[in-house]
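The values are calculated or read from the model by the stated rules, or taken from the named source; none is laboratory data. Everything numeric here is computed off the predicted structure, so don't read it as measured data. Every residue, glycine as well, gets a Cβ built from its backbone with ideal geometry; the counts of neighbours run over all protein chains shown. For accessibility, only protein heavy atoms count, side chains too; no ligands or nucleic acids. Shrake-Rupley method; radii C 1.70, N 1.55, O 1.52, S 1.80 Å.
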Amino acid sequence: MPLLPLTLGLILGILLSFVSDGRADLFGLGIFLGFILLLLYLVFAGLFRKSFILNPIIIAASACCFTLMGFVKTELIKANVFSVEQVSENVNFGTVFRSAISESGYQTIHISLDKTSIGNKQITSSGNIILTLDTLEKKYETGDYVAFRTSLETFRTETNPGSFDAAYYYGTHHYIGRAFIPSNCIVKTGTRNNITTFFSKQQDQIARKLQLWLPKSVSGIGTALLLGNKAGIDPQVLDSFSNTGAMHVLAVSGLHVGIILIIFQYILQFFSRWITKKQSIIFSVVLIWAFGLLSGASPSVIRAVVMFTILTFGQLLSRKNSGMNNLLLSAVILLMYDPYYLFDIGFQLSYIALAGIFLFQNPVYRLIHIRQKWLDWFWKGSAVGIAATIATTPFMLYWFHQFPNYFLLSNIVVMLLGFVVLLFPIILVFTAWIPYFKTLIIFLTALSLQLLVIGIQFVDRVPGSLSGGFELDFFHFLILLTIIGYCTYQALIKETLSRLPFIAFACCFIFLSWKREIKLNRNEFQVFSAKQFCGIIQYEGRLISFYESSPKNKQVVQILKNAVRDSGLNRSRAIVLKSMNRLTIGNKNILFTRHKNGWRITLDGKTFNYRTRGTPGKDENKQLLSQRLQDYLYKDEQIQPFKISI
């Protein structure tokens, strides 16, 4: 794998740019590159003949060049993306590339900046903006070219446990900020009809047709499978996919493009009399590019299409044992195009899963020999799932703090139905003009989607299907990734069982389990930052959530769901608070009392006041204020949720 040191060098350069945050000087960069040169020489010297020392030196030097390229490319992109201060209160121009209307009646549009007026000059600007409009009198669609002027605010991550990290996500997707804008501060000045907006409009049209053709219970799943848009999926169904480790099925990425590539190649086999194998491979690549553009040309789709294009052309060139090298080549190309891809969770999971499959699938499959063909087929598919899970486990624990215990069962469901649930929607889109055939395909599509949902929900209902509550910082994540990779490599590929790495793995596993056990058994009372009074009580392995009796707020529901998932426990009760509630849990007595300015909490003789209205006093705890008051009084401050041991 000659591209491995180059890929590692490129990744290190990108990371250096973010770690330095623009403060790296040439001297520090030179020292760092020298250190990387020495490190790469020591690591990769063993891959070459000891008598010929020039080869590893050249490889290490090339890796350093890629480190420098990764650093410079990232710094250039960071310099081109405007800041909130540069955009706020100036007239900006850009193209709408996403538009949606929420249930509350507000329209949210995503704008790609084109230029900004500063004084009497117009300069080219770069970055994305999210604007929420106060009215639906003027609706903006994909492709509209708009001018606007407003004051932007940066993205803030809620401090509640398990919350979506908005600052990280939007910051690594070239977003500058967001604003709630009056309708008189934005105007449409024209329309941009380029290839991106054309395919985005096609995507919207296909989504509307799928919602019209398919039953409501499965139309959201069909739209997600074909287009990657999960907005229409029932939240309970979405949770089932997440809990069973099958969420990747609903994100159009490497799995979908790989299956669709197989579908296209299988169909083209029927025309083997007229087209050669090489021609069918080329046609397959053209078709997956058409699918990628048709599905909206999102970054995750284009990444997957580029990755499989390179892998497929490697097959076209009949290069043996080059799958891993082709994978690395696609990663280098994509990261050179946009270094921010490295921080996308989908990018990380796609590449590490494929790397695991390339490295470990055959060794896992060879562990068990099965004579029956149908059982062997199941085992071969399971070996793919095991190999991918081995590689992605550190990422799942780090990003999602949970592990699906029955991933093999959900993998079997995906194996049985993954092919047809992707094939039927594609056939439906392209054959909807055939009257009677359309009815048959709609029935088969709805049936296959319903079977997929039933299968995933069945696995989710099996007791102990999910282990949650894991906590890893970045340092522990790197250690776990290194240990799992090395131990698996030694056991499956080298077929050696040395003691030291497996002792390290056992110690790592014990440490993670110990930290999780402490988290599961802590006794705490928490109040969250939200529009309504809400929180959780964790005591002796039980979890109780509470919230106000006013109409349910979606934000509160999501906050409580995130907190329950982050805790690693199953919720035993949910309490709707009224004017006065008394709760006894174990030997603890908790009293909730409503008053005109909020709530009073009495916990074993101690009293705390949570304010929802009025002016707080100087001595009042800012953690015990409603989100509205916190934003008004402490707008730029990250306030942690109120937490007390009980």
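Odds and ends about this structure:
- Span from the the range 501-548 Cα centroid across to the the range 575-646 one, whole angstrom: 21 Å
- Surface analysis of the chain yields an accessible area of 53 Å² per residue, using protein heavy atoms and a 1.4 Å probe.
- Carbon + sulfur, % of accessible area of the range 88-195 - ligands and nucleic acids excluded, 1.4 Å: 48 percent
- Heavy-atom accessible surface of the range 521-646: percent carbon and sulfur, 1.4 Å: 45 percent
- Pairwise centroid distance, computed over Cα atoms, of the range 366-428 with the range 175-210, Å: 37 Å
- The sum of -39500 (n - 2.57) across all DSSP H runs of n ≥ 4, divided by the residue count of the chain, sets its helix-only mean residue ellipticity at 222 nm to -17500 deg cm²/dmol.
- Evaluated over the range 370-464, the Cα radius of gyration and Dmax, each in Å: 16.9, 49
- Between helix 373-399 and the chain: long-axis angle, C-alpha atoms, 0 to 90°, nearest 10: 50 degrees
- The reciprocal of the average 1/r between distinct C-alpha atoms defines the Kirkwood hydrodynamic radius, which for the range 62-157 equals 15.2 Å.
- The value obtained for the chain, namely the Cα convex hull volume divided by the number of residues, is 216 Å³ per residue.
- Calculated FRET efficiency for the pair V429/L520, C-beta based, R₀ 56 Å, to 0.05: 0.75
- Projecting label points 7 angstrom from Cα along Cα→Cβ for L408 and T108 puts them 4.0 nm apart.
- Once the Cα atoms are used to define both axes, helix 435-461 deviates from the longest principal axis of the chain by about 70 degrees.
- Taking only protein heavy atoms and a 1.4 Å probe, the accessible area of the range 348-456 is 75% carbon and sulfur.
- Counting charges near I510 (Lys, Arg +1; Asp, Glu -1) among other residues having Cβ under 12 Å from its Cβ returns a value of +1.
- Computed magnitude of the charge dipole of the chain (debye, nearest 20; Cβ of K, R +1, Cβ of D, E -1): 1060 debye
- Amide hydrogen proximity for I585: with H placed 1.01 Å from N in the peptide plane, the residues at 5 or more positions away or on another chain lying under 5 Å are I590.
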